[in-house]
Amino acid sequence: MKKTDYKKRPRAFIEDLGLKKTGDHHEIYLSDIRRAAPKNWKTLIRQPVL
């Protein structure tokens with residue numbers, strides 16, 4: 001996945017379901033970003049919708 005895709009894919013998914021974003025997203029880092037190389041980071045992105 002390209003770096004810019006991480007914002008486009010969830011947005012398209014939300015729109016395809018007919019939902020609207022209701023607030024800011026937040027990120028949960030599953031990898032220890034102090035130890036892992038950036039290419040190996042695993043991140044969960046949560047977006048509130050209505």
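Which three semi-axes in whole Å describe the equivalent ellipsoid of the chain, each the square root of 5 times a Cα gyration tensor eigenvalue, listed largest first?
25, 13, 6
Once both axes come from the Cα atoms, what is the angle between helix 5-16 and the longest principal axis of the chain, in degrees from 0 to 90, rounded to 10?
Roughly 20 degrees, rounded to the nearest 10.
Report, ordered by chain and residue number, the aspartates and glutamates lying within cross-link reach of K39, taken as a straight Cα distance under 20 Å and ignoring same-chain residues fewer than 8 apart.
Within reach: D5, E27.
Need the full-extension length gain, D24 to K8, defined as separation in residues times 0.36 nm minus the C-alpha distance. One decimal, nm.
Between D24 and K8, full extension yields 4.3 nm more.
Tell me what the chain gives for mean residue ellipticity at 222 nm when only DSSP H runs of n ≥ 4 count, each as -39,500 (n - 2.57), the sum divided by the residue total, rounded to 500 deg cm²/dmol.
The per-residue figure over the chain is -7500 deg cm²/dmol.
Filter the chymotrypsin sites (Phe, Trp or Tyr not before Pro) in the chain to those in DSSP coil with at most 15 other Cβ atoms within 10 Å of their Cβ, and list the result. Don't skip to the answer; put the middle values down first.
Numbers: sites: Y6, F13, Y29, W41; in loops: W41.
Those that pass, being in a loop and sparsely packed, are W41.
Every read-out reported here was derived from the displayed coordinates using simple, explicitly stated rules and does not represent laboratory data. Note that the structure is a prediction, hence the values are computed from the model and not measured. Backbone-built Cβ (ideal geometry, glycine too); neighbour counts: all protein chains shown.
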